[in-house]
């Protein structure tokens, strides 16, 4: 039910209802039939609310109140169960649904009821001259302090002195005159509202906000005041809020601490993002600047390898060294290029410019690019694509995707294995790179597209890898709006599946 | 004392009135009123300090609390930019509700200056709008007396 709370209703809950639990929520249709309910119904209602039953069968005061004349409609201090009084809020969510909130007011009503009772007895005695048993005791309602208001600043104490008030202002007694705004400066503000309310001369009460007073060092007490008008008399009731304030404070404290933690998390995330950007920029600059010297060393090594006359003058050991330098420089250059590419993808320094392209041609180029490596390991490359398909991709980026996947497949396929590029077209286009390689362990396949892998990336022919190739593939595929998945079985090979959705391709 | 929640309003008052500080954040419900007499250039000023609950979605400051005030501290948490936005909203409310009240902006938590989101430009913006701005820390007792002395003096000169 709580998942169905419309936005307006959530806003109403937050702004209009006290922020602590204990509210009963009932949803009805426009005729008042109960749809569902949430909250402590046993506290508010004698019977369990039954779905389909009319709400006024549980709370007679709500007879013909749904739909309400205005929304929201608030009915104050309604007796909903024996000794339970509630403020009932009826709020319209849409034409067919109404949300009814029950907010417990039993404590407030109990306090006021005793005073009203006393005052009515007095009035009854005055008007009828019938003598009711005189109560000699002053009003004693919980720990409330009751003031009989004489004017804007002065009142007489009309109740027993509660202990908290003795600690705050020890010199006062029953019937003492008191300049109440001097003791409770907060009431200066509430008196604006109270005077307005009293000037209407209608029986009832209004409640102030909450304030605290220090009753002894380190001990504060939270208070609330009620301005009461009854049969021509003005009263101010001041009530400590021990239990209620604890609940309210706890709920607010939790909500705010959560908000603070969330703000902190957001800040940390943003800081981390900045740091990651710095890292990527750093890698991008370093790999860019490293390219020229590495390429120069590789050039010299190539020159030496290709100069057969000079090469044969060297003994076997030095010849091998030169070949090693060339191989390592090729690897370093490849790694450096991938790093550069990766960091730029991370930084978002690229733009996908889609164009119509021949898939057959892309596969052919991939085959050609990989031909040396395929030959070295005696791996057979094939595809089922006979009739060309046009796809809409960024040609150079997508070419790199297929090159990386096939290069990866060669690396992990033993000699004389197979690599098959299967293309399937129905609603979507699926391009699968299937190999008969060693397969991928489950723990690695989960993070295979994340880029930097800590696991070994040594190929079946001793090929060393960067671990970046598949990360780059994933970034390019994501940027196209395509998807890529991997299926693999140890010892039986792997299948990388690119899906080009119908609309994107 | 006006400001968003958890900016340190209660801590500033407690540091000033009772010379105490607690690291623990305890949200204020309602209003807490304290009193302190300060000496402003030889004159005794009796300050009645209204520490009003923080402003957020859960609790809204009632204009009636500000109506009779002589001065308002708008407290901002230097580490939380959002608290400056709330601060500006409360400044507007104070100007409208208590036009004769003086306004001093406190950028609190200057002991955490490394983590501040509030920039020098933000502070310059407040100053150019005509507000006295003081950087404070209830934790290290930095500029608290200055803040209360400044607002008292501005109130007396009004």
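Read-outs: derived from the displayed coordinates by stated rules, not from any lab. Bear in mind that the values here come from a model prediction, so they are computed numbers and not experimental data. As a convention, Cβ positions derive from the backbone with ideal geometry for all residues, glycine included, and neighbour counts pool all protein chains shown.
Annotations
- Panel values: region A:334-398, Kirkwood radius from alpha carbon pairs, Stokes-Einstein at 25 °C and 0.890 mPa s, translational diffusion coefficient 174 µm²/s.
- Separation of region A:51-103 and region A:379-445, taken as the distance between their Cα centroids, equals 65 angstrom.
- Test item: A:249-256 mean partner chain Cβ contacts at 10 Å: 5
- Converting the Cα gyration tensor eigenvalues of region A:185-235 into ellipsoid dimensions via √(5λ) gives semi-axes, longest first, of 26, 10, 8 Å.
- Counted over all Cα-Cα pairs of region A:355-504, pairs farther apart than 28 Å make up 14 percent.
- Per-pair calculated FRET efficiency, R0 = 30 Å: residue A:487 and residue A:356 via Cβ, rounded to 0.05: 0.50
- Normalising the Debye intensity of region B:2-156 to I(0), with uniform scatterers on Cα atoms only, and taking log10 at q = 0.11, 0.17, 0.20, 0.21 Å⁻¹ returns -0.38, -0.98, -1.43, -1.61.
- Here the mean projected area of the convex hull built on the C-alpha positions of chain A is 41.3 nm².
- Principal-axis tilt of helix A:186-199 within chain A, Cα atoms, nearest 10 degrees: 60
- Remark: the residue A:43-residue A:427 segment gains 132.4 nm on full extension, using 0.36 nm per residue and subtracting the alpha carbon distance.
- Taking only alpha carbon atoms, region B:29-110 gives an Rg to Rh ratio of 0.98, where Rh is the Kirkwood radius.
- Rg/Rh for region A:268-347, where both radii come from Cα atoms and Rh is the Kirkwood radius: 1.24
- Three-way shape label, region A:2-104, alpha-carbon gyration tensor, a/c 1.5: rounded
- Cα gyration tensor, region A:159-210 - rounded (a/c under 1.5), prolate or oblate: prolate
- Inter-part distance, region B:1-20 to region A:4-41, computed on C-alpha centroids, equals 36 Å.
- Helix A:316-347 axis versus longest C-alpha principal axis of chain A: approximately 30°, rounded to the nearest ten.
- Alpha-carbon centroids, region B:123-158 and region A:229-283: separation in whole Å: 26
- Label positions at residue A:8 and residue A:247, each projected 7 Å from the Cα along the C-beta direction, are separated by 2.8 nm.
- The angle between the Cα long axis of helix A:469-480 and the main principal axis of chain A comes to about 60°, on a 0 to 90 degree scale.
- Taking other Cβ atoms within 10 Å as a rough exposure proxy, B:57, B:41, B:34 sort from fewest to most as B:41, B:57, B:34.
- Antiparallel DSSP beta bridges within region B:2-156, percent to nearest 5: 45
- You can think of it this way: the chain between residue A:53 and residue A:202 has 50.0 nm of extra reach, that is 0.36 nm per residue less the Cα-Cα gap.
- Kirkwood hydrodynamic radius over Cα pairs of region A:142-245, then Stokes diffusion coefficient at 37 °C and 0.692 mPa s, in µm²/s: 237
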